[in-house]
């Protein structure tokens, strides 16, 4: 089995170069206009939901604990793509119509909230009980101890896994193309459908995702090093 040299001739390489040049800016605009905003908004909302869910799990209230468990089980037990389809294509059948971007935000936020809640819960429970006792000793209430002592320490512990969740969310935003959100991958699909250069266009999309994730990984490492200053050794 062999590949014809014609595949790699200068004319083909020039075509790929031209496709790359003309595709890069529209795809970059998709990143700036939708991919990054969708990632940031969904992560912030999802993280808030994760904290609430984690607190419900450790509250000792049976009802809140069961509600949180069901929520986490449903979201973790069903594909994200199916959840997006239910929100965007399913809800209109019962009279609830949501625009593509808000629908994507809802879907991704619910997903982040479910997965990140386990990270937050584990981080809170990793804090020694002596920290709670020390807070109570100086007159703090449960809420004050949680806000001033436990959550700040849990935040430091949860940075690495939450950073990984953020990077995963960035890549998962490509699924938003299936519900008509014109993010970067949707732009790539539109471009490839016009010029039929699927290999080079999708490879360019993969490179853009990789570069963004690489930059975020560097930011994660810097943040972790800064937080290490506050760890007693």
Quiz item: In region 49-64, is there at least one residue being in contact (Cβ under 8 Å) with a residue 40 or more places away in the chain, under 19 Å from the mean Cα position of the chain (by Cα), crowded, with 21+ Cβ neighbours inside 10 Å and within 21 Å of residue 180 (Cβ to Cβ)?
Solution: no
Practice problem: Among the residues of region 146-205, write down those that are over 24 Å from the mean Cα position of the chain (by Cα), modelled with pLDDT of 85 or more and either within 15 Å of residue 26 (Cα to Cα) or crowded, with 21+ Cβ neighbours inside 10 Å (or both). | Solution: 191, 192, 193, 194, 200
Quiz item: In region 209-220, is there at least one residue being farther than 30 Å from residue 54 by Cα, in a helix (DSSP H, G or I) and without any contact (Cβ under 8 Å) to a residue 24 or more places away in the chain?
Solution: yes
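The values are calculated or read from the model by the stated rules, or taken from the named source; none is laboratory data. Source: prediction; values computed, not measured. Quick reminder, even Gly has a Cβ in these numbers, built from the backbone with ideal geometry, and neighbours come from all protein chains shown.
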